[in-house]
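First up is the structure itself, then whatever we jot down about it.
The values are calculated or read from the model by the stated rules, or taken from the named source; none is laboratory data. Not measured: the values here are computed from a predicted model. Methodologically, a virtual Cβ is constructed for each residue, glycine included, from the backbone with ideal geometry; neighbour enumeration extends over all protein chains shown. Just so you know, the surface numbers come from the protein's heavy atoms only, side chains and all, with ligands and any DNA or RNA stripped out. Shrake-Rupley method; radii C 1.70, N 1.55, O 1.52, S 1.80 Å.
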Amino acid sequence: QVQLVESGGGLVQPGGSLTLSCATSISIFSINRMGWYRQAPGKERELVASITRSTTNYADSVKGRFTISKDNAKNTVYLQMNSLKPEDTAVYYCNTNPPFGAWGKGTLVTVSS
């Protein structure tokens, strides 16, 4: 069973930055595409960023502010988030894209002054 453990969330002021990490129990080198998702209160989970071996893609709402990367040797996927806005407040998850199997517990990001 694949395990996904997200970390790095917290409370940050608008305009601040956070870096999220997702440690996986699988070899992400063999995965075609990994993604970061988020679910805000009262909303459906959405894909915010994805990464393949050679490309990255972002939702329009985070383009230019978030950067997804991965370390195949550590089987870890990262999400660098800059210029955070209150509307970025959500629980952030990682998974394959499209998602497969059980989700991790996620990590809560709260953007508030």
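Sparsely packed loop sites in the stretch 1-86 (the GluC sites (Glu not before Pro) outside DSSP H, G, I, E and B with at most 10 other Cβ atoms within 10 Å) comprise E44. Listed values for the stretch 72-88 are Karplus-derived 3J(HN,Hα) couplings in whole Hz (6.51 cos²θ - 1.76 cosθ + 1.60, θ = phi - 60°), namely 4, 5, 9, 6, 10, 10, 10, 9, 8, 10, 10, 6, 5, 10, x, 6, 7, and x replaces Gly and Pro. With a ≥ b ≥ c taken as the square roots of the eigenvalues of the C-alpha gyration tensor of the stretch 26-113, please select rounded if a/c is under 1.5 and otherwise prolate if a/b is larger than b/c or oblate if it is not? Verdict is prolate for the stretch 26-113.
FRET efficiency for the F29 to N82 pair, using the beta carbon distance and R₀ = 30 Å, is estimated at 0.65.
Probing with 1.4 Å while keeping every protein chain in the model, the per residue accessible area of the chain equals 54 Å².
Pairs of Lys residues in the chain are counted when their Cα atoms are under 21 angstrom apart and they lie 8 or more places apart or on different chains; the count is 6. Across the accessible surface of the chain, with the other protein chains kept in place and a 1.4 Å probe, carbon and sulfur atoms take up 50 percent. Diffusion coefficient of the stretch 67-106 by Stokes-Einstein, Kirkwood radius over Cα pairs, 20 °C, 1.002 mPa s: 178 µm²/s.
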